[in-house]
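The structure's right below; bear with me while I get my questions together.
The values are calculated or read from the model by the stated rules, or taken from the named source; none is laboratory data. What you see is a predicted model, and the numbers here were worked out from it, not measured in a lab. Counting neighbours? That spans all protein chains shown, and the Cβs are built from the backbone with ideal geometry, glycine included. Please note that ligands, DNA and RNA were not included when accessible areas were found on the heavy atoms of the full protein model with its side chains. Shrake-Rupley method; radii C 1.70, N 1.55, O 1.52, S 1.80 Å.
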Amino acid sequence: MAARRISSLLSRTLCASSPSLLHSLGKNSCRGRGISRFSTAAVLEEPITPPVQINYTQNLINGQFVDAASGKTFPTYDPRTGEVIANVAEGDAEDINRAVAAARKAFDEGPWPKMTAYERSRILLRFADLVEKHSDELAALETWNCGKPYEQSAKSELPMLVRIFHYYAGWADKIHGLTVPGDGKYHIQTLHEPIGVAGQIIPWNFPLIMFAWKVGPALACGNTIVLKTAEQTPLTALYVAKLFLEAGLPPGVLNIVSGYGPTAGAALASHMDVDKLAFTGSTKTGQIVLQLAAKSNLKSVTLELGGKSPFIICEDADIDHAVEQAHFALFFNQGQCCCAGSRTYVHERVYDEFVEKSKARAIKRIVGDPFKKGIEQGPQIDSEQFQKVLRYIRSGIESNATLECGGDRFGTRGYFVQPTVFSNVQDDMLIAQDEIFGPVQSILKFKDINDVIRRANTTRYGLAAGVFTKSVETANTAMRALRAGTVWINCYDVFDAAIPFGGYKMSGIGREKGIYSLHNYLQVKAVVTPLKNPAWL
């Protein structure tokens with residue numbers, strides 16, 4: 001679930017809060033229309049104190065929580081207020097070296113790849129049980145560090161985390177090769193072997209879920225891991241690492257280093273003793289990761305990157321259902337979702353009705369402290385992302401898209417953005433081309449299915465798409481014609497441990513989840529043996 005600026009190998013740029021967009025752009029920016037918008041003078045209540053303690057802030061290397069080699073720490077922030085939650089060990093190249101050495105020893109000499117697959121499966125199951133036991137604390141920690149609604153963390157993401165590890169525990173003892181019929185008197189077989197030391201870089205928008213997508217298949221296949229957390233959200237990965245140790249995972253099998261992209265991330269991507277690299281993040285950073293991997297030891301790389309997913313509403317669609325699903329597809333997780341339905345294409349015959357209902361739904365969206373019951377939208381992750389979203393809103397206004405609602409910050413504290421809806425968006429506008437990664441819905445108009453498929457495919461991305469229609473023929477045409485890794489028909493953001501996820505074009509390489517994810521962490525070896533007197537060939 002994925003792209004975005006994630007654990008970026010690019011330098012971070014922290015921006016100061018901007019003044020009201022309406023004041024800076026002037027009254028003419030609204031194009032004379034009656035605009036419904038949220039009160040920019042709203043003041044959030046005093047933030048709720050999260051019901052969890054911060055116990056793990058050090059790096060995990062060779063089964064021990066240790067300070068960074070340099071002794072440095074960096075702050076991780078509460079996006080509700082911009083205040084520091086904790087100071088975390090700042091890993092760099094030396095910490096990556098130590099973690100890789102531990103992972104290499106655990107793979108070459110340790111018990112993990114030599115265990116029976118059933119034993120590995122039992123450890124993964126014990127870990128899943130421990131996650132379930134500590135799910136309340138983990139959900140609170142995820143919300144505190146990310147800003148996502150607590151109900152989302154507790155009721156959706158933690159159960160999915162447990163489900164994913166159950167799924168991969170089930171796969172551990174079902175990974176096997178084949179016997180292959182060949183021409184001539186030979187016994188031919190294939191072996192599926194763990195690839196070795198896997199380097200993994202996970203994002204800030206779904207830290208626990210992305211941890212599961214990466215760690216689950218790598219461990220099921222018998223690999224060892226060095227994982228770098230996103231610098232914005234290191235806390236939950238460190239917590240669950242402790243649970244893995246409690247479950248019986250041997251030292252060195254899973255190592256976690258928190259740090260910045262240009263130091264820790266670059267060191268991991270270019271390390272000569274890392275056999276495979278998995279990255280989730282922005283397309284631009286993914287290109288850097290791929291270059292570093294190629295320039296080092298040509299390690300295999302899987303990438304889950306950015307998206308600008310089309311959400312197509314045909315004239316025969318159930319409009320009320322489509323409005324709600326389009327709203328969810330865009331605004332879920334504060335819009336910080338790689339597969340967000342961020343280009344909403346609506347047939348011209350139902351366009352006006354759809355816009356009015358989408359505007360009304362956005363205005364009703366409840367923004368506030370994500371620990372408060374009933375809150376639908378929390379803050380953006382940090383000042384940088386907050387400012388990026390506001391810049392794109394300004395761009396939409398300046399390019400003459402119609403601002404239907406929202407358009408500014410919410411409140412005066414933290415990184416909250418009003419749910420924003422634009423209509424009359426054109427394909428050449430930045431808000432229709434770039435991945436905004438925020439609560440900004442862009443609604444475009446189309447005439448027929450061939451027209452919208454062509455426009456939907458005219459993008460550098462190809463992560464996901466949605467199609468809403470009552471016609472089986474239309475659905476069949478669209479699902480085959482859209483160049484995207486996932487196409488949802490009359491639904492959106494339906495995820496399951498078994499459903500593969502990944503992108504076409506510049507949205508990535510390879511697939512996460514499902515049987516396809518196992519391929520990322522296995523080598524295939526062919527073994528050929530002569531047969532002198534075979535009973536059969």
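Are there trypsin sites (Lys or Arg not before Pro) in segment 211-256 that DSSP marks as loop and that have at most 12 other Cβ atoms within 10 Å, and which are they? Kindly include the intermediate steps, with their values, before the conclusion.
Values: sites: Lys214, Lys228, Lys242; in loops: none.
Those that pass, being in a loop and sparsely packed, number zero.
How high is the relative contact order of segment 408-469, given as a whole-number percent (alpha carbon pairs under 8 Å, six or more residues apart)?
Computed value for segment 408-469: 25 percent relative contact order.
Report, for segment 389-527, the % of DSSP beta bridges that are antiparallel, rounded to 5.
Here the share of antiparallel DSSP bridges comes out near 40 percent.
Evaluate the distance, in nm, between pseudo-label points positioned 7 Å from the Cα of Leu191 and of Glu356 along their respective Cα→Cβ axes.
Distance between the two pseudo-spin positions: 6.9 nm.
Counting Lys +1, Arg +1, Asp -1, Glu -1, what net charge surrounds Gly196 among other residues with beta carbon under 11 Å of its beta carbon?
Here the charged neighbours net out to -1.
In the chain, what % of DSSP beta bridges are antiparallel (nearest 5)? Let's see the in-between values first.
Values: 27 of 66 bridges.
Approximately 40 percent, going by the DSSP bridge assignments.
Then there is this: Mind checking which aspartates and glutamates have their C-alpha under 15 Å from Lys532, skipping anything on the same chain fewer than 8 residues away?
Asp183
Okay, next question. Which distance in nm do the two modelled labels at Arg480 and Glu109 give, with both placed 7 Å along the Cα-to-Cβ direction?
Here the answer is 5.7 nm between the modelled labels.
For Met272 and Gln433 in one chain, what is 0.36 nm times their gap in residues minus the Cα-Cα distance, to one decimal in nm?
Working: separation 161, 0.36 × 161 = 57.96 nm, distance 3.69 nm.
The Met272-Gln433 span can extend by a further 54.3 nm.
Segment 274-339: percent of C-alpha pairs farther apart than 20 Å?
49 percent
Right, here's the next one. In µm²/s, what is D for segment 125-216 at 37 °C and 0.692 mPa s, where D = kT/(6 pi eta Rh) by Stokes-Einstein and Rh is the Kirkwood radius from Cα pairs?
Stokes-Einstein gives a translational diffusion coefficient of 209 µm²/s.
Continuing with this model, one more query. What aspartates and glutamates could a cross-link reach from Lys105, if we take a straight Cα to Cα line under 16 Å and drop same-chain neighbours fewer than 8 places away?
Asp95, Asp273, Asp275
Hey, another quick one. If packing is taken as the mean number of other Cβ atoms within 10 Å per residue, what is the order of 283-292, 194-203, highest first?
194-203, 283-292
Here are some pairs, Lys148/Lys299; Lys155/Lys357; Lys214/Lys299; which of them have Cα atoms lying more than 24 Å apart in this structure?
From the list (Lys148/Lys299; Lys155/Lys357; Lys214/Lys299), the Cα-Cα distance tops 24 Å for Lys148/Lys299; Lys155/Lys357.
May I have the convex hull volume per residue, in Å³, for the Cα set of segment 306-365?
Working: hull volume 3.9 nm³, N = 60.
Hull volume normalised by residue count: 65 Å³.
Ok, one more. Would you give the gap between the C-alpha center of segment 225-253 and the C-alpha center of segment 254-272, rounded to a whole Å?
14 Å
Sticking with this one: Between segment 475-512 and segment 333-382, how many Å separate their Cα centres?
Each part's Cα centre sits 21 Å from the other's.
Name the residue from Thr190, Cys491, Pro159 whose Cα lies farthest towards the positive end of the charge dipole of the chain, charges +1 on Cβ of Lys and Arg and -1 on Cβ of Asp and Glu.
Going by the charge dipole, the pick is Thr190.
Return, ordered by residue number, the residues of segment 97-137 whose backbone nitrogen is under 13 Å from a label point located 7 Å along Cα→Cβ of Asp173.
116-125
So what's the net charge close to Gln291: Lys and Arg +1, Asp and Glu -1, counting the other residues with Cβ under 15 Å from its Cβ? Walk me through the numbers on the way to the answer.
On the way: positive: Lys284, Lys295, Lys299; negative: none.
Net local charge, Gln291 excluded: +3.
Within segment 281-351, which GluC sites (Glu not before Pro) sit in a loop by DSSP and count at most 15 neighbouring Cβ atoms inside 10 Å?
Glu348
Rounded to the nearest 20 Debye, what is the dipole magnitude of the chain about its Cα centre when Lys and Arg each give +1 and Asp and Glu each give -1 at the C-beta?
880 debye
Let me ask something else about it. How large, in percent, is the carbon and sulfur part of the accessible surface of the chain at a probe radius of 1.4 Å?
Solvent-exposed carbon and sulfur of the chain make up 52 percent of the total.
Could you compute the FRET efficiency for Lys72 and Asp316, with r as their C-beta to C-beta distance and R0 at 60 Å, rounded to 0.05?
0.50
Given contacts defined as C-alpha pairs under 8 Å and at least six residues apart, what's the relative contact order of segment 138-264, whole-number percent?
Relative contact order for segment 138-264 comes out at 24 percent.
Continuing with this model, one more query. Can you list the HN-Hα couplings for segment 434-446, worked out from phi with the Karplus curve (6.51, -1.76, 1.60; θ = phi - 60°), rounded to whole Hz and with x for Gly and Pro?
Computed from phi, the couplings for segment 434-446 are 9, 7, 6, 6, x, x, 10, 9, 10, 10, 10, 10, 9 Hz.
Under a crude label model (7 Å from the Cα following the beta-carbon direction), how far is Ser300 from Ile499 in nanometres?
In this crude spin-label approximation the distance works out to 2.6 nm.
Loop only by DSSP, 14 or fewer other Cβ within 10 Å of the Cβ. Give me the trypsin sites (Lys or Arg not before Pro) in segment 157-196 that pass, ordered by residue number. Walk me through the intermediate numbers first.
Values: sites: Arg163, Lys174, Lys185; in loops: Lys185.
Passing both the DSSP loop test and the Cβ count: Lys185.
What accessible area per residue comes out for the chain, rounded to a whole number of Å², with a 1.4 Å probe?
39 Å²
Separation of segment 52-75 and segment 97-124 by C-alpha centroid, Å?
Taking the Cα centre of segment 97-124 as reference, the centre of segment 52-75 is 22 Å away.
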